[in-house]
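Notes for the one structure printed next.
The values are calculated or read from the model by the stated rules, or taken from the named source; none is laboratory data. Computed from a predicted structure; not experimentally measured. Cβ sites come from the backbone with ideal geometry, for glycine too, and all protein chains shown count toward neighbours. Accessible surface is based on the protein model in full, side chains and every heavy atom, while ligands, DNA and RNA are left aside. Shrake-Rupley method; radii C 1.70, N 1.55, O 1.52, S 1.80 Å.
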Amino acid sequence: MRRLDDPFCTMTAPRAEGHLDVGDGHRIHWVEMGSEHGLPQIVCHGGPGGAMMLGSGRFSDGARLRSVHFDQRGCGQSTPRGELAANSLQHSISDMEALRRHLGIERWLVSGGSWGSTLALAYAEAHPERCLGLFLVGTWLCRKRDTHWWFHGVRALFPELWDAFAGAVPPEERSDLRAAYCKRILGDDPDVAAEYATRLFLYEEGFMHFDAPLTPPDPARGADYGRIFAHYAAHDFFVDDDQLLRDAHRLKGVPVHLITGRYDCCTTPENAFDLAQVVPHAVLEIVPGAGHYPTEPTFARAVARSAQAFAAKVGGW
């Protein structure tokens, strides 16, 4: 029996899945959950370099939503795994459109968290006519200041973690850790690349949690994750500085809900706040006692309630 104060929905099994050839030698893996005739929703995963998290289905009412998840290029079960050629933010936007057409969907609710929020926002700005609404968890704008925080500013709260991260490169390179790590991860020595990709992955895992994780991060994920992340970081995540704020005027008429943790040390709350300043109709929700992960109890409950309320609003339920 479900408690009256339980905000989570029952998980539904995948209803359909497959691989879609999107060109350039890439085939993206996709999964559909929920009702075949429900309100369509596309879910963008984090990273860059992550993979779909079907557990996020507990935030959505499977009886009313048709949720589409997909692994971005080189990620998860998409092939070829780890491929960097023809792999960019713009390619992912194009892949979402190809997937929408493949599934016969006219318009959908667009959602994403962390890096997935970046992709979801960029997609909505490129194709506002395809968006029933935009739901972002832990907004990340990928400005120079945001990237600098990730590689350097984190020291303010996690000095020992940052010191170990920075200490892995020579002192003369520590003023630009992004360049130092990208040079090694994207270099020609596979052993060095795997080592530094794993260091980068474990560094991020070290400052993303607000609550202590149930299990430690799996270093085996590091090499693949860090390689794709470094590829995107080396290219400024394929956006111009302030691009996502500058183009936010294109969201006029698109319902927008932004939810972020007060103590998110990865995609800091100022990202969502600054976006809300240029999207006057956006609803901004900053959750006290929450960090970055929507799987942690405080944040998870808030995300579940807000996601369901937003879907009901968009769907007119």
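Amide H contacts of residue 287: 260, 261, 262, each under 5 Å away and 5 or more positions distant or on a separate chain (H built 1.01 Å from N in the peptide plane; Pro and chain starts excluded).
Taking 0.36 nm per residue of separation and subtracting the Cα-Cα distance, full extension of the segment from residue 175 to residue 191 would add 3.3 nm.
Using alpha carbons only, the radius of gyration of region 11-88 set against its Kirkwood radius gives Rg/Rh = 1.01. Eigen-decomposition of the gyration tensor built on the alpha-carbon atoms of region 1-143 gives equivalent ellipsoid semi-axes of 24, 16, 15 angstrom, largest listed first. Simple spin-label estimate for residue 37 and residue 144 gives 5.4 nm between the two label positions (7 Å along the Cα-to-Cβ direction from each Cα). Potential lengthening of the chain between residue 285 and residue 11 amounts to 96.1 nm, from the contour at 0.36 nm per residue minus the alpha-carbon distance. The Kirkwood hydrodynamic radius of region 69-200, based on inverse pair distances between different Cα atoms, is 17.1 Å. For residue 11, the solvent-accessible surface computed with a 1.4 Å probe is close to 80 Å², ligands and nucleic acids excluded. Antiparallel as a % of all DSSP beta bridges within region 1-128, to the nearest 5? If we restrict to bridges inside region 1-128, about 60 percent are antiparallel. For region 1-91, the set of trypsin sites (Lys or Arg not before Pro) satisfying both a DSSP loop assignment and a count of at most 11 other C-beta atoms within 10 Å is given as 2, 3. Mean separation of Cα pairs under 8 Å and 6 or more residues apart, divided by the residue count, gives the chain a relative contact order of 18 percent.
For the chain, leaving out every one of the GluC sites (Glu not before Pro) that falls in a DSSP loop and has at most 13 other Cβ atoms within 10 Å, the longest unbroken run is 107-317. Just the Kirkwood number for region 196-317, please: inverse of mean 1/r across all distinct Cα pairs, in Å, one decimal. It is 16.4 Å. Assuming a ≥ b ≥ c are the square roots of the Cα gyration tensor eigenvalues, decide whether region 155-220 counts as rounded (a/c under 1.5), prolate (otherwise, with a/b larger than b/c) or oblate. The shape class here is oblate. The alpha carbon convex hull volume per residue for the chain rounds to 131 Å³.
Here the chain exposes an accessible surface that is 54 percent carbon and sulfur, computed with a 1.4 Å probe and the other protein chains kept in place. Of the trypsin sites (Lys or Arg not before Pro) in region 242-315, the ones in a loop by DSSP (not H, G, I, E or B) with at most 11 other beta carbons within 10 Å are 252.
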